[in-house]
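The values are calculated or read from the model by the stated rules, or taken from the named source; none is laboratory data. All of these numbers come straight from a predicted model, not from anything done at the bench. Cβ placement follows ideal geometry from the backbone for every residue including glycine, while neighbour counts extend to all protein chains displayed.
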Amino acid sequence: MNQLAPDEPLKVLVIEDSEEDRELYRRLLEKNSDIQFTIYETDNAKEGLELSKKNRPDCIILDYQLPDGTGMDFIQSFKHNGGATAIVMVTGQGNERTAVEALHLGAVDYITKESIPDGFFIQSIMNAIERARLKNQVVQYQRELEKTNQALSEFAHTVSHDLKAPLRHITSYCDLLKEDAKEQLDGKKMEYISRMSVNVRRMQRMIDDLLIYSRVIHSREEKREVALNLVFQEVVEELDPAIKASGAHITSDPLPLVKTYPVRIRQLFQNLIGNALKYRGEKTPEISVHCVDKGAYYLLSFEDNGIGIEEKHLKNIFKPFERLHSQEQIEGTGLGLSICKKVVEMHNGRIWAESTPGEGSVFKVSLPKTG
Ligand code: ADP
């Protein structure tokens with residue numbers, strides 16, 4: 001009947017101010033022949049906390065009303081102590097709201113006083129212990145995964161950083177060779193050197209983008225209220241040389257304050273506006289950012305009148321290294337939009353593109369207000 005049949009007795013702490021109820025729980029626990037229980041008891045929350053710290057119980061049976069506070073208060077304080085213990089809240093009939101609140105706060109299960117004599121008691125405790133153990137395991141795995149990711153990201157960061165120095169040296173030697181040997185080398189050999197330099201620069205850009213990618217994913221940024229208007233302005237200032245060179249017009253609707261990861265959201269604006277400039281057609285670029293309040297989220301659109309994208313490519317462009325052009329046509333690493341996708345997903349939003357080849361594209365981003 002029970003999923004768990006441990007060799008060691010299970011430790012149960014009963015926090016209940018009614019002497020009769022404690023007596024009832026004790027009898028039910030001791031009567032069970034499948035599993036042995038070691039029982040600790042108290043009639044108040046304060047001593048309950050001390051006993052839980054000292055004995056590390058597998059399960060706490062908690063009354064919702066105690067002489068020195070509510071069961072809810074106990075759960076709050078207990079959580080601060082970082083316990084992986086199952087808490088089963090005992091409520092009265094009709095107290096479902098209290099039960100739901102307790103579950104939100106971290107109780108694993110609840111049981112009504114009236115259902116205890118029906119034999120649900122032991123089963124509820126065993127289920128709660130099993131669930132708390134699984135939950136604890138998931139938390140441990142998550143922590144390990146975070147640590148591994150962090151180590152991997154630091155490794156990628158260091159390697160990328162170290163790779164940049166030799167590349168810089170190759171570029172310098174290419175330049176020196178071009179300068180010093182220009183009399184001895186014919187046009188073809190000079191062309192080879194130029195191609196070397198171009199490829200080194202491409203690799204440098206690739207490393208830079210990989211660094212941005214890893215920073216976007218792994219940086220320990222906190223969310224805060226960010227004025228998207230300011231983000232837009234800063235990005236436009238940064239892109240000023242490209243804007244001037246192309247004669248582009250860039251406008252924006254008034255943009256809201258949204259709880260976001262500031263560095264990441266800026267990267268999103270940078271990539272989308274940067275692409276709108278880069279993938280321009282023959283016409284003078286007209287780029288606009290729009291924002292519609294959709295209630296639970298904002299819908300941002302980044303619109304351009306550039307070369308556009310064929311329907312069949314619209315999904316793939318968000319995958320890393322996916323490019324629709326050769327380096328000779330338009331330079332790039334194919335990481336920009338995958339970075340945008342990661343950023344939007346970190347905000348629990350969605351990103352997609354709509355486009356008409358030859359007329360332009362719209363990149364749409366849904367950004368939940370809750371952050
Ligand atoms: P990159 O620009 O480095 O190639 P991205 O991930 O930013 O990488 O973009 C992937 C591909 O999507 C680009 O190669 C390009 O073909 C297409 N693309 C992105 N933005 C636009 C745009 N605004 N207009 C047309 N094509 C675009």
Of the conditions (1) touching a residue at least 40 places away in the same chain (Cβ under 8 Å); (2) surrounded by 19 or more Cβ atoms within 10 Å (Cβ to Cβ), the single one that Pro262 does not satisfy is (2)
The lone condition Phe121 fails out of (1) surrounded by 11 or more Cβ atoms within 10 Å (Cβ to Cβ); (2) modelled with pLDDT under 80 is (2)
Filtering the stretch 256-282 down to residues that are more than 22 Å from the chain's Cα centre (by Cα), within 11 Å of the ligand (Cβ to nearest atom) and of a type outside the set (Ser, Thr, Tyr) yields Ile273, Gly274, Asn275, Ala276, Leu277, Lys278, Arg280, Gly281
In the set Lys294, Lys364, the lone residue that is surrounded by fewer than 14 Cβ atoms within 10 Å (Cβ to Cβ), more than 8 Å from the ligand (Cβ to nearest atom) and closer than 19 Å to Thr260 by Cα is Lys294
Scanning the stretch 65-85 for residues that are surrounded by 16 or more Cβ atoms within 10 Å (Cβ to Cβ) and over 15 Å from Glu101 (Cα atoms), the one modelled with the lowest pLDDT turns out to be Gly83
Within the stretch 300-318, restricting to residues that are at negative phi, in contact with a Gly (Cβ under 6 Å, 6 or more places away or on another chain) and of a type outside the set (A, V, I, L, M, F, W, C), the one that is farthest from the ligand (Cβ to nearest atom) is Asn305
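Yes or no, residue by residue, for (1) free of Cβ contacts under 8 Å to residues at least 40 places away in the same chain; (2) assigned to a helix (DSSP H, G or I); (3) polar (S, T, N, Q):
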{"position": "Phe302", "(1), (2), (3)": "no, no, no"}
{"position": "Glu328", "(1), (2), (3)": "yes, no, no"}
{"position": "Glu331", "(1), (2), (3)": "no, no, no"}
{"position": "Asn348", "(1), (2), (3)": "yes, no, yes"}
The lone condition Lys342 fails out of (1) assigned to a helix (DSSP H, G or I); (2) more than 9 Å from the ligand (Cβ to nearest atom); (3) modelled with pLDDT of 95 or more is (3)
Condition set within 8 Å of the ligand (Cβ to nearest atom) and either modelled with pLDDT of 95 or more or among the charged types (D, E, K, R) (or both), scope the stretch 319-339, selection surrounded by the most Cβ atoms within 10 Å (Cβ to Cβ): answer is Leu337
Listed by first then second residue, the pairs whose first member lies in the stretch 274-292 and is among the aromatic types (Phe, Trp, Tyr), whose partner is crowded, with 20+ Cβ neighbours inside 10 Å and assigned to a strand (DSSP E or B), with beta carbons under 8 Å and at least 6 positions apart or on separate chains, are Tyr279/Ser361
With criteria (1) touching a residue at least 40 places away in the same chain (Cβ under 8 Å); (2) surrounded by 15 or more Cβ atoms within 10 Å (Cβ to Cβ), Ala45 comes up short on (1)
